[in-house]
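What follows is a single structure, written as structure tokens, with notes after it.
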Amino acid sequence: MEKLIITVAICGAEVRKTDHPALPVSAQELGDESFRAYQAGASVVHLHVRKDDGSPTQDAIVFARAMEAIRSRCDIIIQTSTGGAVGMSAEERSSPLTLNPEMATLTCGTVNFGEGVFWNPPELIERFARMMMERGIKPEIEVFEAGMIANALRLVKKGILHLPLHFDFVMGVPGGITASARDLVYLVESLPDGCTWTVAGIGRAELQLAAVAIVMGGNVRCGFEDNLFYRKGEPATHNSQLVDRIARLSKELGREVAEPDEARLILGISKK
Ligand code: KMH
Ligand code: ZN
């Protein structure tokens with residue numbers, strides 16, 4: 001089995017400081033939090049950014065500041081979000097791609113997202129995919145529902161995306177696929193040979209599905225975007241505490257954890 005790639009989703013767009021006082025939001029906080037997670041074993045940081053008042057933004061200038069803060073501390077792979085927050089325009093969501101990050105997310109379909117709708121019509125997906133290909137940005141295909149795999153493979157057929165692709169299964173969002181081992185196996189078995197995958201379980205499913213992914217040869221995402229708790233009733237101190245547990249579990253199960261350069265090799269990313 002390849003080494004385990006741990007992605008840390010340090011802040012997301014929906015969680016607020018009032019939900020967790022240690023939520024990183026400023027560039028310095030995002031830099032420090034990414035560094036702690038890197039030291040604990042994360043090789044990819046899934047990045048959202050915030051305005052000064054803590055609300056989500058996709059402003060390229062705010063992203064650039066956060067990316068600079070992260071890069072000055074460590075060589076973790078930076079994966080910018082193109083999802084942003086529910087309700088943002090396609091224009092706004094695509095802004096961080098102008099910074100040519102090493103990696104970016106590409107959600108391949110529309111899905112209910114709690115009380116809202118995470119809107120990803122075919123034209124938006126295709127536009128984002130073309131931008132990523134033109135700029136040499138490695139897409140991570142975000143899958144909230146099984147049909148999103150087929151949507152991504154349609155873009156392969158059209159010659160816009162190319163195999164092997166890397167997928168992230170986000171499981172347990174209210175409105176999306178359930179966070180069960182059964183559904184994870186189904187998603188994995190739906191991928192073409194040679195593709196890589198990560199699982200991001202929401203809430204308490206984060207740890208449970210991580211354990212399944214580690215033994216199945218997949219990869220793991222954890223962090224405050226998906227889960228704020230170390231265990232029931234006990235908030236995690238930092239994102240790094242969640243990363244550290246996944247790294248420990250993986251080593252106990254006989255799988256070493258990838259450094260950023262090893263993750264680049266596995267994912268087919270050439271360092272920028
Ligand atoms: N905040 C969600 C609506 C992504 O980063 O690409 C979308 C999201 C996915 O977080
Ligand atoms: Zn996200």
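The values are calculated or read from the model by the stated rules, or taken from the named source; none is laboratory data. Treat the numbers as computed from the prediction; the structure is a model and nothing was measured. When we count neighbours, we look across all protein chains shown, and the Cβ atoms used for this are built from the backbone with ideal geometry, even at glycine. Accessible surface is based on the protein model in full, side chains and every heavy atom, while ligands, DNA and RNA are left aside. Shrake-Rupley method; radii C 1.70, N 1.55, O 1.52, S 1.80 Å.
Worth a mention:
- Taken over the range 111-159, the criterion of being over 19 Å from Trp197 (Cα atoms), crowded, with 21+ Cβ neighbours inside 10 Å and either more than 15 Å from ligand 1 (Cβ to nearest atom) or without any contact (Cβ under 8 Å) to a residue 24 or more places away in the chain (or both) is satisfied by Asn120 alone.
- Residues of the range 88-108 that are surrounded by fewer than 23 Cβ atoms within 10 Å (Cβ to Cβ), in a helix (DSSP H, G or I), more than 10 Å from ligand 1 (Cβ to nearest atom) and not hydrophobic (A, V, I, L, M, F, W, C): Glu91, Glu92, Ser94, Ser95, Thr98.
- Selection from the range 236-269 of residues that are open to solvent by 70 Å² or more (accessible area, probe 1.4 Å) and over 18 Å from Gly201 (Cβ atoms): Thr237, Lys251, Glu252, Glu256, Glu259, Asp261, Leu265
- Residue under evaluation Asp75, criteria (1) within 16 Å of ligand 2 (Cβ to nearest atom); (2) closer than 19 Å to Ala258 by Cβ; (3) surrounded by fewer than 19 Cβ atoms within 10 Å (Cβ to Cβ), criterion not met: (1)
- Test: residue in the range 71-85 that is within 15 Å of ligand 1 (Cβ to nearest atom), farther than 24 Å from Phe229 by Cα and not hydrophobic (A, V, I, L, M, F, W, C): yes
- Ala85 fulfils the conditions (1) open to solvent by 20 Å² or more (accessible area, probe 1.4 Å); (2) aliphatic (A, V, I, L, M); (3) within 14 Å of ligand 2 (Cβ to nearest atom) except for a single criterion, (1).
- From the list Arg221, Arg264, the one residue that fits, being out of contact with any Pro (no Cβ under 8 Å at 6 or more places or on another chain), within 21 Å of Pro164 (Cα to Cα) and within 16 Å of ligand 1 (Cβ to nearest atom), is Arg221.
- Residue within the range 37-44 that is outside any helix (DSSP H, G or I), free of Cβ contacts under 8 Å to residues at least 60 places away in the same chain and hydrophobic (A, V, I, L, M, F, W, C) present: no
- With respect to the stated conditions, Gly54 is farther than 22 Å from Ala200 by Cα and either of a type in the set (A, V, I, L, M) or within 16 Å of ligand 1 (Cβ to nearest atom) (or both).
- Qualifying residues in the range 8-17 (those that are within 18 Å of Glu115 (Cβ to Cβ) and open to solvent by 10 Å² or more (accessible area, probe 1.4 Å)) - the one farthest from ligand 2 (Cβ to nearest atom): Arg16
- Any hit, the range 26-35, residues being touching a residue at least 60 places away in the same chain (Cβ under 8 Å) and surrounded by 24 or more Cβ atoms within 10 Å (Cβ to Cβ): yes
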